[in-house]
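To start, the structure under review is shown below, and the notes come after it.
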Amino acid sequence: MLNELFTPSVQHALDIVGIFVFAISGALLAVRKNFDVFGIAVLAEVTALGGGIFRDVMIGAIPPAAFTDLGYFLTPLLAAGLVFFLHPHVERIQVGVNVFDAAGLGLFCVSGTIKAYEYGLGLTSSAALGLATAVGGGVLRDVLANEVPSLLRWDRDLYAVPAIVGAVTVVLCIRFEVLNAYTSGTAVVTAFVLRLLAMRFHWRAPRAYNRRSATAEESPSVI
Amino acid sequence: MLNELFTPSVQHALDIVGIFVFAISGALLAVRKNFDVFGIAVLAEVTALGGGIFRDVMIGAIPPAAFTDLGYFLTPLLAAGLVFFLHPHVERIQVGVNVFDAAGLGLFCVSGTIKAYEYGLGLTSSAALGLATAVGGGVLRDVLANEVPSLLRWDRDLYAVPAIVGAVTVVLCIRFEVLNAYTSGTAVVTAFVLRLLAMRFHWRAPRAYNRRSATAEESPSVI
Amino acid sequence: MLNELFTPSVQHALDIVGIFVFAISGALLAVRKNFDVFGIAVLAEVTALGGGIFRDVMIGAIPPAAFTDLGYFLTPLLAAGLVFFLHPHVERIQVGVNVFDAAGLGLFCVSGTIKAYEYGLGLTSSAALGLATAVGGGVLRDVLANEVPSLLRWDRDLYAVPAIVGAVTVVLCIRFEVLNAYTSGTAVVTAFVLRLLAMRFHWRAPRAYNRRSATAEESPSVI
């Protein structure tokens, strides 16, 4: 039943859109890091598929969907090709990319939570894996690019919180047996809008309470 | 039979203690790296659960215990909350934290080795996975924080050796069929005491034999 | 049938050779990074076995071969020991090491592709996992050493392309049902020779098209 929230073709199309925009963000970072064309393709694949692969390994969905659906594998290559040839134009529409990335975040935190629950995990673990699905690819992207994951940094607009809200909304819907296409769609839109607002108003999460000045401790590479 | 070395509740309580102290070390590094509250929580979770998740994926214990036992998942969040509010006090008792971390090292190298053996791995592989259980979370912590894993650095007190000794003690006990609560407890205490001695006397492992001066090769980030 | 491309003992001997040379490259980087003897051993193990472990987790070959075949586990320790005592000599024969590394690349991209196909993956995914088998260990090595993976950098001689050619050759042979010891051996040699030529003539892959000057964007750690 959970499988039929959306028709399979709609669900698949949404997945492809999310994978595409995540791949764009990976490819753009690769260009900024001066990687070659294969580095761009690898970073696009890892960013787009990393979170879902991690979730599938955790829940025992082997082989992961990324290796059984050719569309999932080829979409990041298409994104890498676009960025390779058109990256100055892609960077110029960075705002548009960010909006799509927010959409991907919303889609993946919801679909990841639902898939984990369908494989028998508890509600809390399902929400955690939904969050991991949404943000895992970006963390892998930053680790491969040898940067501190932007997910963890205080000087970036909120990224985890919208995904957490989306995932928790889904598990609450499951708990109270009201999960359907409308409520899960609402969860997607909630996470999406929260992320847009966080970018618009530069919402940030607090650092450790009563933190003393950190300037002496910070290496240039962290900033 | 191996399952009943300790009563389940004792084993579970020991696991929670180990997870808690590993989470503290992850959260403290996150504060030093200037991460926000979500970065602190993520680094606490990864440090505490990463080694066990890696072992469970390798031996096919899917989903990993970290996703089936709510206590395993919530304990690092508690540790992250404590560090968030009280980190100057936690840093002041760094010695105490290190002692608990040594206890976690001893517990996890032994319980990781036993679990891998119960899942059918050979003695050598079981010891290797016991070591990975004990040190894997710390390696992931350092990779996410964009630092050279302290496990690998020569300028840190011995960390792997106590865990190796504990894991090897366990496989020897299995080999000679004398594994019980007393011998495995001895293995835990041996690893624990070795780590305390390594910290007390700054024991270090040798670097490559006949190494020429390395100053020119070293980047500041390594030192 | 695919299993019998080579006799098992020949296949096993080739695997051990590939693991040994990959471990040498990991151990040499560990010495350059000033790691201690355990860091050298860990980096040798990760470099040699990481790609295969990743492939085995993806295809559900649990526990991975690295944990069921003692020879796979002990070979990197032997390589680490050699580098520990003889590293100035090993560095002097860097050209020889590079030739063996190219041989490992050829062997692993072919054997990884075949193993993934035997576990039921599609042709494209099998080729992707063959590539991951060949290059995954090196990526993990560089991540643990806190460096940008040399696989992704534009200023390194082609590494991925030879492995891609080898893996694609294998899936074409499977597709047209001509895979046997001779054709797969040809794929190994093709990848091997391409890598040697790439090193000899410093072939490099292009960076993003129409890239503006990157000097201002590059941090010292990238170069």
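The values are calculated or read from the model by the stated rules, or taken from the named source; none is laboratory data. These numbers were taken from a predicted model, which means no experiment stands behind them. Cβ sites come from the backbone with ideal geometry, for glycine too, and all protein chains shown count toward neighbours.
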*Consider C:S126 against the criteria (1) over 12 Å from C:G52 (Cα atoms); (2) within 8 Å of another protein chain (Cβ to nearest Cβ): it satisfies all of them except one. Which criterion is unmet?*
(2)
*Those residues that are aliphatic (A, V, I, L, M) and touching a Cys at 6+ places or on another chain (Cβ under 9 Å), I need them from region C:175-197; list them, please.*
C:L179, C:A187, C:V188, C:A191
*Among the residues listed as B:G130, B:G137, the single one being more than 20 Å from C:L74 (Cβ to Cβ), part of a helix (DSSP H, G or I) and small (G, A, S)*: B:G137
_Looking only at region B:27-53, how many residues end up being assigned to a helix (DSSP H, G or I) and either of a type in the set (D, E) or away from chain A (no Cβ under 11 Å) (or both)?_
7
*State whether one or more residues within region C:195-208 are modelled with pLDDT of 90 or more and buried (at least 21 other Cβ atoms within 10 Å of the Cβ).*
yes
*If you go through region B:136-150 one residue at a time, how many are more than 9 Å from chain C (Cβ to nearest Cβ) and out of contact with any strand residue (DSSP E or B) (no Cβ under 9 Å at 6 or more places or on another chain)?*
7
*Cβ-Cβ under 7 Å pairs, at least 6 apart or on other chains, region B:43-69 side farther than 12 Å from C:I62 by Cα, far side charged (D, E, K, R) and assigned to a helix (DSSP H, G or I)*: B:L43/B:R141; B:V46/B:R141; B:T47/B:R141; B:P64/B:D56; B:A65/B:D56
*Out of all the residues in region A:29-57, which are within 21 Å of A:Q94 (Cβ to Cβ) and surrounded by fewer than 24 Cβ atoms within 10 Å (Cβ to Cβ)?*
A:L29, A:R32, A:K33, A:N34
_Any chance C:L179 is buried (at least 19 other Cβ atoms within 10 Å of the Cβ), in contact with a Pro (Cβ under 7 Å, 6 or more places away or on another chain) and either in contact (Cβ under 8 Å) with a residue 24 or more places away in the chain or under 23 Å from C:S111 (Cβ atoms) (or both)_ = no
_Conditions (1) modelled with pLDDT under 90; (2) away from chain B (no Cβ under 14 Å); (3) assigned to a helix (DSSP H, G or I): number failed by A:A216_ = (2)
*Filter result for C:T75 (within 13 Å of chain A (Cβ to nearest Cβ), part of a helix (DSSP H, G or I), in contact with a Phe, Trp or Tyr (Cβ under 8 Å, 6 or more places away or on another chain) and not aliphatic (A, V, I, L, M))*: no
*Can we say B:A116 is out of contact with any Leu (no Cβ under 9 Å at 6 or more places or on another chain), within 22 Å of A:G60 (Cα to Cα) and within 14 Å of chain C (Cβ to nearest Cβ)?*
no
*Please give the number of the condition C:I62 fails out of (1) touching a Ser or Thr at 6+ places or on another chain (Cβ under 8 Å); (2) of a type in the set (A, V, I, L, M, F, W, C); (3) within 12 Å of chain B (Cβ to nearest Cβ); (4) surrounded by fewer than 20 Cβ atoms within 10 Å (Cβ to Cβ).*
(1)
